[in-house]
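Trainee: This is the structure I want to talk about, given as structure tokens.
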Amino acid sequence: MSSVVEKIFPADSARPEIIVKGGNLPELVEQAQDALLRDCHPVLFQGSGMLVRIARIAKDKQSRGLTRRAGSLVVMPVEAPWLLERLMVDADWLRIVCEKKADGKEPVFRETRINAPEIVARTLLAKAGEWRFPVLTGILEAPTLRPDGSVVSSDGYDQESGLYLDMGGAAFPPIPERPTKDDAARALTLLCELVKDFPFVAESDRAAALAAMLTALVRRSLPSAPLFGNTAPKMGSGKSLLHDLVNILATGRRCNVMALSDDAREEKKRLLALLIAGDPVVCYDNVDRPLGGAALSQALTQETIQDRYLGVSRMVTASTRTTFLANGNNLEFEGDLTTRVVLCALDPEVEHPEERRFDVNLLEETPRRRGELVVAGLTVLRAFVVAGKPDVGLKPFGRFEAWSNWIRASLVWLGMADPLGGSKRVEERDPVRSGLKGLLTAWYSSFQSAGKTAAEAVAGARFQNEEGLQNEEGLALREALLEVVGEQKGEISTRRLSHYLSKYESRIEGALRIVRADTKAHGGAVRWSVQPNKETVT
């Protein structure tokens with residue numbers, strides 16, 4: 001008995017037909033992936049170990065302490081309901097049903113349109129490592145340069161770099177193919193004019209501000225980049241405005257801002273979420289306490305961070321290629337972060353800096369001139385590449401070598417001051433550094449290099465010596481101990497002191513360092529010895 005499949009609706013030649021029948025799930029999943037890949041402008045990507053898509057948010061949105069502005073371009077993990085709808089758009093899903101005739105005639109087989117099976121979407125989402133979708137390395141809203149200096153300036157997915165550019169309809173002039181040093185100098189003049197009314201303390205601060213702008217334009221092509229901090233003695237000095245200019249060049253909008261978290265675990269999860277979302281620039285705004293933390297330090301120096309992501313049952317790995325900014329009054333950094341910062345200091349030297357007037361309204365002028373300013377920044381960087389990235393005699397900047405050899409060096413090449421000129425101010429305002437330096441100095445003054453246990457050091461921190469006379473060394477040691485391990489009611493914990501000394505063992509501050517002595521005290525307690533550091537000058 002022969003049978004005929006009757007089509008009860010016209011076929012859509014633009015979409016494949018996928019016939020669903022029992023036992024063919026693997027085939028259905030592959031056909032689903034084929035249908036999604038037919039579009040020459042991909043809408044699905046693989047990134048951070050997940051299937052992701054790109055979208056713009058319609059209005060301002062707050063999530064986990066981060067405020068994103070309306071129009072922000074973000075990367076979003078794909079969820080099953082969205083994928084099911086997309087599968088319905090990209091393919092016709094059919095089931096063949098048999099209609100038996102009561103009069104004994106041959107049954108009729110008909111195609112019936114159905115919804116894409118949910119099991120297909122969920123299975124496809126779970127096939128990490130087996131997808132054929134393009135790999136997404138980052139999203140952009142302005143032209144950029146690849147690591148070799150070549151240009152990415154066309155909307156859509158760039159196969160070579162894995163970057164996706166969506167300029168949102170903005171127009172940008174062409175980037176010169178082989179700009180000269182003179183071209184770069186003229187381009188840099190445009191950027192300098194943009195920031196001419198800011199009250200920079202030193203020329204290195206001006207260079208630091210420009211370095212932040214250049215970094216944001218090519219951050220996706222740098223393995224690591226420092227955090228850019230803006231500091232001033234008083235509010236209204238232009239710290240946030242200067243950072244808004246960085247983001248306007250990169251995205252056309254003012255900065256997305258993030259509040260500090262007191263929870264280290266929460267901070268790492270927040271960082272992971274924003275890195276997955278692909279924010280090109282993130283600003284810690286109005287920081288009112290020393291900024292530090294292992295998670296942020298890692299995000300600045302490592303190319304990826306890894307953790308569990310909310311709603312995903314496995315570890316995900318996110319690229320860290322985001323430009324981090326921070327601003328605050330008398331901004332301070334602590335711990336490892338002090339060596340990962342480019343500081344820009346502003347000081348209007350007036351009582352009411354908020355009353356100062358700029359020659360132009362930069363929040364209106366910069367978006368209007370965004371195209372020429374972005375191309376100016378890229379011209380500076382491309383000209384330096386075309387010139388062969390000449391050596392300009394800079395000291396190494398450990399962990400940020402690629403950034404230093406491109407962004408920093410290009411500015412110095414054009415006669416600007418070194419953007420790292422303010423790094424000493426960061427070190428001087430580090431509470432960890434100053435506390436340790438104070439303790440080592442006071443300890444050495446009291447005991448020289450003699451080995452002492454934590455308990456013996458606390459006992460030696462006395463107001464008076466054995467003769468009842470004022471003990472200046474002991475008083476200084478007590479004050480230093482209270483600063484780093486002091487507790488309520490002026491008590492000093494020997495347990496906390498032992499942990500503190502272990503944590504900072506061999507770290508050099510003020511040409512001194514603390515090391516474990518050769519002999520231990522009765523009961524096995526560790527003796528500690530502060531010794532002058534024997535540095536070799538070359």
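The values are calculated or read from the model by the stated rules, or taken from the named source; none is laboratory data. Every value quoted in this text rests on a predicted model; they were computed, and no experiment measured them. A quick note on method: Cβ atoms are made from the backbone with ideal geometry, for glycine too, and the neighbour counts reach across all protein chains shown. The area values use the complete protein model at the heavy-atom level, side chains included, leaving out ligands, DNA and RNA. Shrake-Rupley method; radii C 1.70, N 1.55, O 1.52, S 1.80 Å.
Trainee: Consider the stretch 505-522. How many of its residues are under 29 Å from Lys424 (Cα atoms) and open to solvent by 30 Å² or more (accessible area, probe 1.4 Å)?
Mentor: Total satisfying the criteria: 7.
Trainee: Out of the residues in the stretch 251-270 that are open to solvent by 10 Å² or more (accessible area, probe 1.4 Å) and of a type in the set (A, V, I, L, M, F, W, C), which is nearest to Thr67 (Cα to Cα)?
Mentor: Val257
Trainee: Please enumerate the residues belonging to the stretch 18-42 that are open to solvent by 40 Å² or more (accessible area, probe 1.4 Å) and either acidic (Asp, Glu) or touching a residue at least 40 places away in the same chain (Cβ under 8 Å) (or both).
Mentor: Passing the criteria: Ile19, Lys21, Leu25, Glu27, Glu30, Gln31, Asp34, Leu37, Arg38, Asp39, His41.
Trainee: While we're on this one: How do the helices (runs of 4 or more DSSP H) wholly within the stretch 435-516 filter down when requiring 3 or more residues that are among the charged types (D, E, K, R): which remain?
Mentor: 472-485, 494-503
Trainee: Answer yes if at least one residue in the stretch 226-235 is open to solvent by less than 10 Å² (accessible area, probe 1.4 Å), touching a Gly at 6+ places or on another chain (Cβ under 7 Å) and either at pLDDT 95 or above or of a type in the set (Phe, Trp, Tyr) (or both), and no otherwise.
Mentor: There is no residue in the stretch 226-235 that is open to solvent by less than 10 Å² (accessible area, probe 1.4 Å), touching a Gly at 6+ places or on another chain (Cβ under 7 Å) and either at pLDDT 95 or above or of a type in the set (Phe, Trp, Tyr) (or both).
Trainee: Taking Asp288, is it open to solvent by less than 10 Å² (accessible area, probe 1.4 Å), part of a loop (DSSP other than H, G, I, E, B), in contact with a strand residue (DSSP E or B) (Cβ under 9 Å, 6 or more places away or on another chain) and of a type outside the set (S, T, N, Q)?
Mentor: Taking the combined requirement at face value, the residue does not satisfy it.
Trainee: Of the residues in the stretch 418-442, how many are at pLDDT 90 or above and either surrounded by fewer than 17 Cβ atoms within 10 Å (Cβ to Cβ) or β-branched (Val, Ile, Thr) (or both)?
Mentor: 1
Trainee: Would you say Ile54 is in contact with a Leu (Cβ under 9 Å, 6 or more places away or on another chain) and farther than 30 Å from Leu275 by Cβ?
Mentor: no
Trainee: Sticking with this one: Which of the residues spanning the stretch 307-339 are in a loop (DSSP other than H, G, I, E, B) and at pLDDT below 95?
Mentor: Listed by number, the residues that qualify are Tyr309, Leu310, Gly311, Val312, Ser313, Arg314, Asn330, Leu331, Glu332, Glu334.
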